[in-house]
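The values are calculated or read from the model by the stated rules, or taken from the named source; none is laboratory data. All of these numbers come straight from a predicted model, not from anything done at the bench. Cβ sites come from the backbone with ideal geometry, for glycine too, and all protein chains shown count toward neighbours. In case anyone asks, the SASA skips ligands and DNA or RNA and just uses the protein heavy atoms, side chains included. Shrake-Rupley method; radii C 1.70, N 1.55, O 1.52, S 1.80 Å.
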Amino acid sequence: GAEAFDEAAYKAAGGVGIVVTTEDIAAAFETLMSSERTKLVEQRYRVVGPLLGKFRMVGNMKWADQRTLKETFDAKVLDILGPKTEADSAAGQKKAKKAKDKAAKETEQKKKEQEALENQPPADPYAIFTKPSENNMVHTTVTFSEKDGRPPMHIANTQAVLDAYLGRTKGKVMTRFPPEPNGYLHIGHAKAMFIDFGMAERYDGHCCLRYDDTNPTAEKDEYIEHIQEIVQWMGWKPFKITYSSDYFQELYELAVELIVNGHAYVCHQTGDEISEYRQLKKDSPWRNRPIAESLKLFEDMRLGLVDEGAATLRMKGDMQNENFNMYDLIAYRIKFAEHPKAGDKWCIYPSYDFTHCIVDSLEDISHSLCTLEFEPRRASYYWLLEVLDLYKPVVWEYSRLNITNTVLSKRKLNKLVTDGYVSGWDDPRLLTLSGLRRRGATPEAIN
């Protein structure tokens, strides 16, 4: 059964009937001082707080009127120590400052720990990307001007196109590193390699090294050989090495298809006239010429019957569009120049805007990764693939690597080299990868 209720013990624990007088409080203070007076005299007001806590636990002081107890305690301490001196105040201020500084350091440390946590790279930086098997969402919506009148295009792969793609690639991640062979690679290309090859490596996929060799007057075998050698030195192993020029025949046939479907035309405007009409948002005088006429002229261009600069093939975009990358971009131009790989077979060469997206599709690239200056070109990239009914990769842009007080532009680097300002592309003063290697940098340090 239950224990018997002890009423006396219950009342004693609750302080029932206990009366504490001012005399009791004064006597309790003397009891406290019998053991604490030396400490109080030596450390003065620095120990008043702790001693007050001890005082409240002497005898029945916990049942005393706390206001009376505090007033009595303060008066007794004042009798012993006298008023606070400047030294007492300085010690208090020093203690308060120390406590404040400690709190500030703890706050700063917590802030740093939080920032470090937030800035910590994710376990998988590529997890934000759509998986190849899910690439049938809307990539972008291409809008047109009121004058053009076309409805918005919500561009996505159909399920049939995606199924055919997955049948060819088995759902593998497919990326590409596509430098133009018009110079040596620099440290900015190291970032691109890290992203392109790195994503394929993480997902057990494939990354192609593709030479974007559509400009025969700027490209050399020297640059082609250098790029392949430096990619291997950086520790990357391409799944295969390809060239945009491998697809010149397919690109030509797709250009003819564009003309047949009313999406391209042969134009005779000069470069200056094209720039002027772009600024004025005016259509070319040849924009609406008959399809058969454009087909005949484009064939003449291919056969070398049209002078260089006398004609271009232009994609029929939207010259009044808010996005100038949707203007009538050049698809082909005439260049009577021998190509480093294709030789003299062609005298018309495709532009970057025409070639890049089509070759991405032809090579079954799952993720086309490039720097942010290409972001406004998404519209023209996807528009062209849509009107040609081709597979559409996932496109994603990242910030380009910019370093101050140096030169990374290949055009400017080329001038420094060709004009003799530096000893060559591997001059250690340059941030080319061969220059960094000559300086003593390792691939591990650069990556």
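Here is a yes/no grid of residues against (1) at pLDDT 95 or above; (2) open to solvent by 20 Å² or more (accessible area, probe 1.4 Å):
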site	(1), (2)
PHE324	no, yes
ILE330	yes, yes
ILE334	yes, no
PRO340	no, yes
ASP360	yes, no
GLU363	yes, no
THR371	no, yes
When region 361-381 is checked residue by residue, the ones that are of a type outside the set (Val, Ile, Thr), within 22 Å of the chain's Cα centre (by Cα) and not in a strand (DSSP E or B) are SER366, LEU372, GLU373, PHE374, GLU375, PRO376, ARG377, ARG378, ALA379, TYR381
Counting only strands (runs of 3 or more DSSP E) entirely within region 239-337, those with at least 3 residues that are touching a helix residue (DSSP H, G or I) at 6+ places or on another chain (Cβ under 9 Å) and over 30 Å from CYS207 (Cα atoms) are 264-267, 312-315
Can you name the condition, by its number, that SER294 falls short on among (1) closer than 16 Å to CYS357 by Cα; (2) touching a residue at least 12 places away in the same chain (Cβ under 8 Å)?
(1)
Check on VAL77, in a loop (DSSP other than H, G, I, E, B) and either open to solvent by 80 Å² or more (accessible area, probe 1.4 Å) or free of Cβ contacts under 8 Å to residues at least 40 places away in the same chain (or both):
no
Filtering region 15-32 for residues that are without any contact (Cβ under 8 Å) to a residue 40 or more places away in the chain and assigned to a helix (DSSP H, G or I) leaves a count of 6
Please enumerate the residues belonging to region 406-447 that are assigned to a helix (DSSP H, G or I) and open to solvent by less than 60 Å² (accessible area, probe 1.4 Å).
LYS410, LEU413, ASN414, LEU416, VAL417, LEU433, SER434, GLY435, LEU436, PRO443, ILE446
Quick check on this structure: which one of PHE29, PHE5 is open to solvent by less than 70 Å² (accessible area, probe 1.4 Å) and aromatic (Phe, Trp, Tyr)?
PHE29
Could you go through region 264-274 and let me know if any residue there is of a type in the set (Gly, Ala, Ser), touching a Cys at 6+ places or on another chain (Cβ under 7 Å) and either open to solvent by 40 Å² or more (accessible area, probe 1.4 Å) or in contact (Cβ under 8 Å) with a residue 40 or more places away in the chain (or both).
no
Given (1) over 18 Å from THR355 (Cα atoms); (2) within 25 Å of the chain's Cα centre (by Cα); (3) in contact (Cβ under 8 Å) with a residue 24 or more places away in the chain, GLU201 misses just (3)
Would region 208-216 turn up any residue that is open to solvent by 20 Å² or more (accessible area, probe 1.4 Å) and over 20 Å from ASP246 (Cβ atoms)?
no
Index of the failed condition, ASP389 passing every other in (1) open to solvent by 60 Å² or more (accessible area, probe 1.4 Å); (2) farther than 25 Å from VAL161 by Cα; (3) assigned to a loop (DSSP other than H, G, I, E, B)
(2)
The lone exception for GLY317 - which of (1) touching a Lys or Arg at 6+ places or on another chain (Cβ under 8 Å); (2) buried (at least 17 other Cβ atoms within 10 Å of the Cβ); (3) not aromatic (Phe, Trp, Tyr) it fails
(1)
Between a first residue in region 33-53 that is assigned to a helix (DSSP H, G or I) and a second residue that is open to solvent by 90 Å² or more (accessible area, probe 1.4 Å), which pairs have beta carbons less than 8 Å apart while being 6 or more apart in sequence or on different chains?
GLU36/LYS54; TYR45/LYS84; ARG46/LYS95
Return only the number of the condition from (1) polar (S, T, N, Q); (2) touching a Leu at 6+ places or on another chain (Cβ under 9 Å); (3) part of a loop (DSSP other than H, G, I, E, B) that ASN215 does not satisfy.
(2)
